[in-house]
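S.K.: Take a look at this one; I'll ask things after.
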Amino acid sequence: MNEKPKTSTVLLAAVVCVLPLLAACAAIKQDRPLLPVREYERMIVGRLDAEYVGTDNCVSKCHQHEKITDDFKHSVHGEQIKPETGLPLVNCESCHGPGSLAVENISDDVAQNDEKKVKCDTSKFLDIKNLPTPAQSLICLKCHSAASTPSLALWNASIHALNDVGCFDCHKLHKGPRQKVSREEMAEMCYGCHPEIRAENSLFSHHPLREKKMACVDCHEPHGSTQSHLLKGNTVKELCTRCHMDKQGPFAFEHGDVTDNCANCHTPHGSVNNNLLNAAMPFLCLQCHAGHVVGSDVIANGTPLFNNRCTDCHSQIHGSDVPTDTVKKGVFLK
Ligand code: HEC
Ligand code: HEC
Ligand code: HEC
Ligand code: HEC
Ligand code: HEC
Ligand code: HEC
Ligand code: HEC
Ligand code: HEC
Ligand code: HEC
């Protein structure tokens, strides 16, 4: 009974949603075989004949990267100091590779460099934007091991990593000092690749994502999770009842085992039905129950009157501790 009702409808909807997405992904994704990790490690070493010169040397010769440098200094990365040495822990070169060759032909005369619009020779850095995605991510994972960033423990097995999505796709490090994804901009960022969720969230009944009172990461762990659909928590019920605690139970009178998965009746992002329901009443209930008449619900010519607004009477649909005095145990009426 824990299966989702109307599997065929759900499947059809999934196919309709996924097909255009797959088509879109095929366009941006190249077919690249996965290589052993050491191959990617080699790609991010940088030029072996170059030396590390440090951020100050890197940027003092020209002012071209002023905004980038300024933002960086005010970012969490720029503020990290090695306790033993008092030196910066994260340099431009931590991600871009050693820089001596890139700046070797630039004179120390900053004013003149500015006038001539001299630029460092970026071809001597790592070609950071064009590396294969796993190599790009490895640049970050050098420091962000599972030990230092626990949320990344499941990264390599995550549906994002396996589908050629990398750290830079979500973290735009030079857009400003913020290295995290802001809660305000998160939904827009995710919709870039998941446009169907925007459409769902624009429906009448919805979680307040578009009002920016919630963010995708309230329910999803984009770096990987043990649940399907990158969900947080161990079960759907555990996830939902972190916020909807009154539905947690256990109740003296449970609704069978259907509330173990809230998605049996609810859809998370948005629905045309009230209360984020998968289907309108009474069809939601009629997927699993037969309709019925109660007592003398008979209209004039003898036709039974079907009780279609099920929750008018069965209002404790999520389970209840209160038995009813009119009905046998287990039927949750108010
Ligand atoms: C934590 C990693 C990291 C650090 C540290 C870092 N960068 Fe970058 N940088 C990136 C990534 C990733 C890209 C390419 C993707 C992007 O633009 O978001 C990039 C791109 C760039 C670009 C190219 C931008 C463009 O649009 O072509 C420049 C220039 C640059 N970085 C300069 C710097 C300078 C200067 C510093 C030090 C003050 C620095 N970076 C420090 C990761 C880093
Ligand atoms: C040289 C080591 C190093 C590299 C390389 C590095 N980081 Fe970091 N990063 C750190 C440290 C140290 C912190 C601060 C402590 C922490 O939050 O773990 C940090 C913090 C962060 C944060 C949290 C910022 C905040 O506001 O709390 C994000 C996001 C981040 N890094 C993303 C990245 C991405 C994406 C890359 C790859 C492009 C990357 N880092 C590469 C060392 C590094
Ligand atoms: C699908 C988008 C996405 C990808 C891909 C992604 N991140 Fe994140 N990352 C996020 C979001 C969203 C947050 C949460 C921001 C927040 O909590 O404000 C986050 C948070 C973080 C943080 C802050 C600490 C934490 O655990 O919340 C770090 C560090 C980080 N990411 C590093 C990385 C690294 C390294 C990679 C690549 C291996 C990566 N991220 C890939 C979206 C992504
Ligand atoms: C209230 C919790 C919640 C929030 C907030 C939420 N999701 Fe989900 N999401 C879920 C659940 C639960 C599922 C699994 C649905 C299922 O089992 O049918 C899911 C599934 C998905 C899927 C898989 C495809 C699908 O429709 O089943 C994608 C993609 C997704 N969410 C993206 C997002 C994005 C992007 C955001 C932010 C704009 C977001 N979600 C916000 C709970 C949430
Ligand atoms: C660069 C594109 C990209 C970005 C940005 C992105 N995703 Fe994804 N996401 C994918 C791809 C590709 C998959 C693989 C499955 C697919 O095609 O839907 C995926 C899968 C997922 C799934 C699992 C879908 C399933 O059917 O189980 C969830 C949930 C999800 N992403 C949530 C998010 C959230 C939340 C964000 C923003 C924090 C985000 N994604 C940002 C590309 C992206
Ligand atoms: C991070 C907290 C949070 C999580 C997790 C969460 N919700 Fe919600 N939920 C909310 C908020 C906030 C509202 C809006 C309440 C309001 O508007 O008064 C809401 C509203 C709802 C509604 C009523 C919608 C309507 O149209 O009135 C339903 C049903 C619901 N959530 C079910 C779920 C289910 C099922 C899950 C698990 C997949 C879940 N929620 C996970 C915070 C959460
Ligand atoms: C058997 C179907 C069913 C299941 C399973 C179910 N719900 Fe509901 N839920 C409903 C119905 C029907 C309503 C509307 C109630 C009404 O019309 O009085 C509702 C309403 C809600 C509401 C909004 C109104 C309120 O009472 O706050 C929330 C929040 C909610 N459910 C959360 C959950 C959570 C969390 C779970 C999983 C633990 C869950 N539901 C499982 C059928 C279900
Ligand atoms: C996914 C299937 C499913 C859906 C949808 C569902 N139920 Fe149930 N319901 C069950 C199961 C399973 C039981 C427990 C089986 C039993 O005891 O006969 C149950 C038990 C009940 C009972 C108590 C029966 C008894 O004899 O104790 C009532 C009343 C009930 N459901 C009403 C509803 C209403 C009203 C709805 C719609 C809002 C609904 N159900 C939706 C599966 C479902
Ligand atoms: C007018 C109030 C009312 C409405 C509306 C109503 N019911 Fe009932 N329902 C009852 C009463 C009273 C009982 C107990 C009858 C009994 O035990 O003989 C009951 C019993 C049940 C039972 C348990 C039957 C059993 O054999 O133990 C289920 C399941 C059920 N209703 C489902 C539904 C569904 C589905 C709907 C909507 C299509 C619905 N009910 C609408 C009042 C109502």
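S.K.: Once you have the Cα-Cα distance between residue 144 and residue 313, take 0.36 nm times their residue separation minus that, and quote the gain in nm to one decimal.
M.R.: Extra length from residue 144 to residue 313 when fully extended: 55.4 nm.
S.K.: Label-point separation (nm) for residue 162 and residue 213, each offset 7 Å from Cα along Cα-to-Cβ?
M.R.: Here the answer is 3.6 nm between the modelled labels.
S.K.: Taking the Cα atoms of the stretch 37-170, what is the range of coordinates along each of the three principal axes, in descending order and whole Å?
M.R.: 51, 31, 26
S.K.: Count neighbours as other Cβ atoms within 10 Å of each site's Cβ, and list the GluC sites (Glu not before Pro) in the stretch 60-104 that are DSSP loop with at most 11 such neighbours. Write down the numbers at each step before the final one.
M.R.: Details: sites: 66, 79, 84, 93, 104; in loops: 84, 104.
Filter output for the stretch 60-104: 84.
S.K.: Could you grab the Rg to Rh ratio for the stretch 63-136? Cα atoms only, Kirkwood for Rh.
M.R.: On the way: Rg = 14.4 Å, Rh = 14.2 Å.
Result for the stretch 63-136 is an Rg/Rh of 1.01.
Each value in this text was obtained by applying a stated rule to the coordinates, not by laboratory testing. Please read these numbers as outputs of a predicted model, since none were measured by experiment. Neighbour counts run over all protein chains shown; Cβ positions are idealised from the backbone, glycine included.
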